[in-house]
Amino acid sequence: MSDPSDAPTGPFLKGRGAQYNPANPYHRFAYETDPGFVEDQATTYIEVHPKTILNKVNSPDIGFEYSLNPYQGCEHGCIYCYARLTHAYWGYSAGLDFESKILVKSAAPALLEEALRKPGMEHVPIMLAGNTDIYQPAERKFGITRKILEVLLKYRFPAGMLTKNNLILRDLDLLKELSARNLIRTGISLTTLDDTLRRFLEPRATSIRLRLETIRILASEGIPVFVMLAPIIPGLNEHEILPMAEKAAELGAYGIGYSVVRLNGEIGPLFEDWIRKTYPDRADKVLQKIRDCHNGSLEDKRFGKRMTGEGKIPEIIRQQFELAKRLYFKDKIKPEYDFSAYQKRINPQLDLFSE
């Protein structure tokens, strides 16, 4: 693991979350950056060619069984993102590489169609997310997510999605069709109502104003929308749980979820470097509160504990969340998925009689 004391202390990179590239733990060699060196901030897109696109999720504390990621890495640059660690598997760094070297899977729609045509495909919804944001800026250029939605509609296969980008509204036409058949649940990630904090935490993500407007529009169009209050970072945004929940309910969300921040592996030093540069007056307090949530560590890999933490602070957070649900979501109804129209074996002749 990288040592935060080794992190560069050069100029703050505006528009990026991470401020440097920690070493890849799988590489034998690592490079050291001169403290005065400013990294190239340009984003590059790299085409990759996976053989399959659905990922089986075996974690007992994740609420879905399959995920699909049309991209790897994410230009939103959220400093806390747990998915940063997966970039190392591709030979890159969890730091600036994660948000500036975006891997593109143009074959994703075709691979999804291939999977849905297999007789053994399970009747469980697919989560369009997991290690990326499906509507990150790359989607404007490549349009892979839209093509995936077209495949899901063609095969009448249910899916969920989670994003913090209002680009989702580009696909309202498809989302409305999917929703009319009970095939989609959308999710919007909301970390704060303070756009100043958002600009540091999530530098290239959609503004809070537009994110709230996105929730309103989705709900008004009859598209189920869930709001994920995550991550809750004690010392930065835990006081916003009730206001965020109230706003989400007011705008038409059917439910909320939350998770407590955890900073595994190289993310810990990246976050510490970030907070000492952005909020130096409260850095020690925030870092200690995070440790208090995870048995004295910034990391937490324990199933059943890693998402919510344990101790006094997580218990206060949990109580606020439960109160928010009682106050604002007690009469909300979670929509059910409909698998009845899904055809596991597609005969081209059946298109003549499709819905």
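The values are calculated or read from the model by the stated rules, or taken from the named source; none is laboratory data. Here the structure is a predicted model, which is why all the values come from computation and not from measurement. Note that each Cβ is placed from the backbone with ideal geometry, even for glycine, and that neighbours are counted across all protein chains shown.
Among residues of the range 47-81 being of a type in the set (A, V, I, L, M) and touching a residue at least 12 places away in the same chain (Cβ under 8 Å), the one that is nearest to residue 302 (Cα to Cα) is 57.
Please specify each residue of the range 180-194 satisfying the condition of being of a type in the set (A, V, I, L, M, F, W, C) and either part of a loop (DSSP other than H, G, I, E, B) or surrounded by fewer than 23 Cβ atoms within 10 Å (Cβ to Cβ) (or both).
Within the range 180-194, 180, 183, 190, 193 qualify.
So residue 341 fits all but one of (1) at pLDDT 95 or above; (2) under 30 Å from residue 177 (Cβ atoms); what number is the exception? Result: residue 341 passes all but (1). Determine whether residue 256 is at pLDDT 95 or above, hydrophobic (A, V, I, L, M, F, W, C) and more than 29 Å from residue 183 (Cα to Cα). So residue 256 does not fit the description; no. Among the residues of the range 69-85, is there at least one that is touching a Phe, Trp or Tyr at 6+ places or on another chain (Cβ under 9 Å), assigned to a helix (DSSP H, G or I) and aromatic (Phe, Trp, Tyr)? No. Being buried (at least 20 other Cβ atoms within 10 Å of the Cβ), modelled with pLDDT of 95 or more, touching a Lys or Arg at 6+ places or on another chain (Cβ under 9 Å) and within 30 Å of residue 340 (Cα to Cα) holds for only one residue in 233, 215, 267, 208, and it is 215. Candidates are the residues of the range 57-72 that are more than 24 Å from residue 100 (Cα to Cα) and under 17 Å from the mean Cα position of the chain (by Cα); the one that is surrounded by the fewest Cβ atoms within 10 Å (Cβ to Cβ) is 63.
Is it the case, given these coordinates, that residue 335 is closer than 30 Å to residue 122 by Cβ and modelled with pLDDT under 90? The answer is no for residue 335. Within the range 80-125, restricting attention to residues that are touching a Ser or Thr at 6+ places or on another chain (Cβ under 9 Å) and acidic (Asp, Glu), the residue that is surrounded by the most Cβ atoms within 10 Å (Cβ to Cβ) is 99. The number of residues in the range 210-254 that are in a helix (DSSP H, G or I) and among the hydrophobic types (A, V, I, L, M, F, W, C) comes to 12. Would you say residue 197 is outside any strand (DSSP E or B), within 26 Å of residue 73 (Cβ to Cβ) and either in contact with an Asp or Glu (Cβ under 8 Å, 6 or more places away or on another chain) or in contact (Cβ under 8 Å) with a residue 40 or more places away in the chain (or both)? Considered against the rule, which asks whether it is outside any strand (DSSP E or B), within 26 Å of residue 73 (Cβ to Cβ) and either in contact with an Asp or Glu (Cβ under 8 Å, 6 or more places away or on another chain) or in contact (Cβ under 8 Å) with a residue 40 or more places away in the chain (or both), residue 197 comes out as yes. Can you say whether residue 174 is crowded, with 17+ Cβ neighbours inside 10 Å, of a type in the set (A, V, I, L, M), modelled with pLDDT of 95 or more and in contact with a strand residue (DSSP E or B) (Cβ under 7 Å, 6 or more places away or on another chain), as far as the supplied structure shows? Criteria not met by residue 174. Is at least one residue of the range 154-176 of a type in the set (Gly, Ala, Ser) and not in a loop (DSSP other than H, G, I, E, B)? Yes; the residues of the range 154-176 include at least one that is of a type in the set (Gly, Ala, Ser) and not in a loop (DSSP other than H, G, I, E, B). Exactly one residue out of 133, 171 is farther than 16 Å from residue 66 by Cβ, of a type outside the set (A, V, I, L, M) and in contact with a Cys (Cβ under 7 Å, 6 or more places away or on another chain): that is 133.
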